[in-house]
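Participant: Sharing a structure with you now.
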Amino acid sequence: MTWIDTTAEWILTGIVSGLGLLTLLSVALVLGVRYRLHRIESRKKELRNQFSDRVIQYISGDLPLEEIQNRARRKIDYISLMEVIAPLGNSLDGEEEDRLQSLMAIEGIRSHYRHRLYHGSMNEQAKACLYFARLESLPESARPLFVQLANEGTPHRRYAAAQTVMVHGSLDQKKEVLHQMVRYPLLSSMATIDLVINFTRFGEEYHQEEMIFLMDEICSDDLSDERKALLVQALGELSYFHSLPMLLTCFSKLDPDGTHPDLQVAMIQVLADFGAEEILPDLRKWGLNSRFSEVRVAAASALGDFQSNHSVALLKWMVNDPDFRVVREAAASLARIPGVDLSQVTSHTLDPEEWDDLTGEVQPESDNGKRERT
Amino acid sequence: MSDKRILIVEDEKMTARLLVYRLKALGYDVTHIENGNDALEWTLRERPDLLILDVMLPGLSGFEILEKLQESGELANGKLDVIMLTTKNRSEDISRGFNLGAMEYISKPFKMDEFLLRLNRLVETSDS
């Protein structure tokens, strides 16, 4: 008897052997790639260690820039160097920040990120945009590219390019990009507010016009309530008190039974921060009746901001709300109103022990004046 | 030269290394810890003269460390000076830090000269 004696068996053996060989090759390839990645990472770590001491000496004025420049010659050097210096940008100001800027702008690093702007991955392009946003200057001829990148691609890449425009663009370029980003529905709330705030760093005389643009957008029918809520928050973050009459008008037109609570919540928070007592009657109504617990939470918190004795009875009622967050905010607001003794208040929502814990927890918060929003 | 012992509690490595470098150059005995829990344990055990404390930390936050130190009496009678170092410069955070016993509040980004000036002034005040 032989092992293989038919054509079919020969074919089968061939297929099995081929598959085995292919598997071996795949495993070898994966191991090879992993080994290479591991080597690159080890090399980067080694380089980061080598660079970090020199960077610290250079930033402190104890080493000339050339000492680092002469050692950074390859792509991997520039990447490692940027990994070392990038976090320092958030910490340093003055002379040290100037030195950091000179280091970040050395031709090798600049050229590396210039190429990255055309990389196949949008994530890499976004990193490159953020690099240019951190530089002190950008040639005028390079700016249109960032305006273009801010108008297409993934939200992250758009945001990164928009940041570069906010730092280096002309006033017209900044306006164009800001208007597009405000209307771009996929941009996150933090990113939108961030861009608006960065725009206004340009200077008081320029940002008046933009504030009017934001207010027009809030009043328009073109934007969703969620986007409008972001713009209201941006006005609040910027403490733009001139927007108060417009916000009050919009607030009076809000539908308490609207489809989404975001705009109501943002309005309540910003108007309370602006000290607009005109909203107190509506706050009391919404705190009691809104079908959105988010709105009741915001109302309970805002009632504490105004510290009005006329709100005490309502807040005592609100500690019975079925939502714990409303109970908590109402208790915290009561604790902030002078003359209110929380130990005399009871909640039907919580058992006595939980209520005691809560009142103990919210009491110290009132010692610091205005509370952080939860 | 100063024989003061300083603990830097900061999770951003390069900022911490820069502070260590500059403070060592001034003759201080400096230790760096990244984690809030380890920093509290080290402080209670080693009793440094000055704590440079970031607010946002892995483990206990800067505020939580201050609360624990206050409870243990470490902050009483000026035994330990504290500088809060943070990106947050909101008035609530600053007042919270001061209420918990911090003596200085420096927000990032900071000028190193100004930072060192305020630190030296604090050390001199606690010496006198």
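The values are calculated or read from the model by the stated rules, or taken from the named source; none is laboratory data. Predicted model, so just to flag it, every value in this text is computed and none were measured. We place every Cβ from the backbone using ideal geometry, glycine too, and count neighbours over all the protein chains shown. Remember, those area values only see protein heavy atoms, side chains included, never the ligands or the DNA or RNA. Shrake-Rupley method; radii C 1.70, N 1.55, O 1.52, S 1.80 Å.
Participant: Out of the stretch B:48-93, which residues are away from chain A (no Cβ under 13 Å) and open to solvent by 70 Å² or more (accessible area, probe 1.4 Å)?
Facilitator: Within the stretch B:48-93, B:64, B:68, B:71, B:77, B:79 meet the criteria.
Participant: Also: Among (1) closer than 21 Å to residue A:92 by Cα; (2) at pLDDT 90 or above; (3) in a helix (DSSP H, G or I); (4) open to solvent by 80 Å² or more (accessible area, probe 1.4 Å), there is one condition residue A:68 misses while meeting the rest; what is its number?
Facilitator: (4)
Participant: Follow-up. So if I check each of A:23, A:13, which one is more than 30 Å from residue B:17 (Cβ to Cβ), open to solvent by less than 60 Å² (accessible area, probe 1.4 Å) and either not in a helix (DSSP H, G or I) or not acidic (Asp, Glu) (or both)? Lay out the reasoning, then the answer.
Facilitator: On the way: A:23 fails: open to solvent by less than 60 Å² (accessible area, probe 1.4 Å).
The match here is A:13.
Participant: Can you tell me which residues in the stretch A:219-233 are of a type outside the set (D, E, K, R), over 15 Å from residue A:184 (Cβ atoms) and surrounded by fewer than 16 Cβ atoms within 10 Å (Cβ to Cβ)?
Facilitator: The first filter runs over the stretch A:219-233 and keeps only residues of a type outside the set (D, E, K, R), leaving A:219-220, A:223-224, A:229-233.
Now narrow it down to the ones that are over 15 Å from residue A:184 (Cβ atoms): A:219-220, A:229, A:232-233.
Across the stretch A:219-233, the qualifying residues are A:219, A:220.
Participant: Turning to a different aspect of this structure: Could you run through the stretch B:14-42 and say how many residues are of a type in the set (Gly, Ala, Ser) and within 13 Å of another protein chain (Cβ to nearest Cβ)?
Facilitator: Start the filter on the stretch B:14-42 by keeping residues that are of a type in the set (Gly, Ala, Ser), which leaves B:16, B:25, B:27, B:36, B:39.
After this cut, where a residue has to be within 13 Å of another protein chain (Cβ to nearest Cβ) as well, the list is B:16, B:25.
Residues meeting the conditions: 2.
Participant: Also, I was wondering about something else. Step by step: first the residues of the stretch B:2-13, then only those that are more than 14 Å from residue B:85 (Cβ to Cβ) and either in contact with a Leu (Cβ under 8 Å, 6 or more places away or on another chain) or at pLDDT 95 or above (or both), then the one that is nearest to the other protein chains (Cβ to nearest Cβ). Which residue is that?
Facilitator: B:2
Participant: Let me spell it out: the conditions are (1) under 19 Å from residue A:64 (Cβ atoms); (2) more than 12 Å from every other protein chain (Cβ to nearest Cβ); (3) exposed (fewer than 14 other Cβ atoms within 10 Å of the Cβ), and residue A:137 meets all of them except one. Which number is the exception?
Facilitator: (1)
Participant: May I pose another question? Being within 30 Å of residue A:100 (Cα to Cα) and surrounded by 16 or more Cβ atoms within 10 Å (Cβ to Cβ) is the requirement here; does residue B:27 meet it?
Facilitator: Details: within 30 Å of residue A:100 (Cα to Cα): yes; surrounded by 16 or more Cβ atoms within 10 Å (Cβ to Cβ): no.
Considered against the rule, which asks whether it is within 30 Å of residue A:100 (Cα to Cα) and surrounded by 16 or more Cβ atoms within 10 Å (Cβ to Cβ), residue B:27 comes out as no.
Participant: Applying the selection to the stretch A:262-287, what residues are surrounded by 14 or more Cβ atoms within 10 Å (Cβ to Cβ) and over 23 Å from residue A:216 (Cβ atoms)? Give the steps one after another, and end with the answer.
Facilitator: Keep residues of the stretch A:262-287 that are surrounded by 14 or more Cβ atoms within 10 Å (Cβ to Cβ), which gives A:262-274, A:276, A:279-280, A:282-284, A:286-287.
Within the stretch A:262-287, A:272, A:280, A:282, A:283, A:284, A:286, A:287 meet the criteria.
Participant: Between A:54, A:99, which is in contact with a helix residue (DSSP H, G or I) (Cβ under 9 Å, 6 or more places away or on another chain), open to solvent by 30 Å² or more (accessible area, probe 1.4 Å), under 25 Å from residue B:85 (Cβ atoms) and away from chain B (no Cβ under 11 Å)? Before the answer, list the steps.
Facilitator: Working: A:99 fails: away from chain B (no Cβ under 11 Å).
Testing whether each residue is in contact with a helix residue (DSSP H, G or I) (Cβ under 9 Å, 6 or more places away or on another chain), open to solvent by 30 Å² or more (accessible area, probe 1.4 Å), under 25 Å from residue B:85 (Cβ atoms) and away from chain B (no Cβ under 11 Å) leaves just A:54.
Participant: Restricting to the stretch A:71-92, count the residues that are within 7 Å of chain B (Cβ to nearest Cβ) and surrounded by fewer than 16 Cβ atoms within 10 Å (Cβ to Cβ). Reasoning before the result, please.
Facilitator: Let us first name the residues in the stretch A:71-92 that are within 7 Å of chain B (Cβ to nearest Cβ), namely A:84, A:87-88, A:90-92.
Still in the running and surrounded by fewer than 16 Cβ atoms within 10 Å (Cβ to Cβ): A:87, A:90.
Residues flagged as within 7 Å of chain B (Cβ to nearest Cβ) and surrounded by fewer than 16 Cβ atoms within 10 Å (Cβ to Cβ) within the stretch A:71-92 amount to 2.
Participant: With among the charged types (D, E, K, R), within 14 Å of chain A (Cβ to nearest Cβ) and in a helix (DSSP H, G or I) as the only criterion, which of B:121, B:96, B:45 stands out?
Facilitator: B:96
Participant: Anything in the stretch B:1-41 that is under 26 Å from residue B:125 (Cα atoms), touching a strand residue (DSSP E or B) at 6+ places or on another chain (Cβ under 9 Å) and assigned to a loop (DSSP other than H, G, I, E, B)? List them, or say none.
Facilitator: Result: B:2, B:3, B:4, B:10, B:28.
Participant: Right, next: Does at least one position in the stretch B:120-128 carry a residue that is under 30 Å from residue A:237 (Cα atoms) and either surrounded by fewer than 19 Cβ atoms within 10 Å (Cβ to Cβ) or free of Cβ contacts under 8 Å to residues at least 12 places away in the same chain (or both)?
Facilitator: To start, the set of residues in the stretch B:120-128 that are under 30 Å from residue A:237 (Cα atoms) comprises none.
No - not one qualifying residue is present in the stretch B:120-128.
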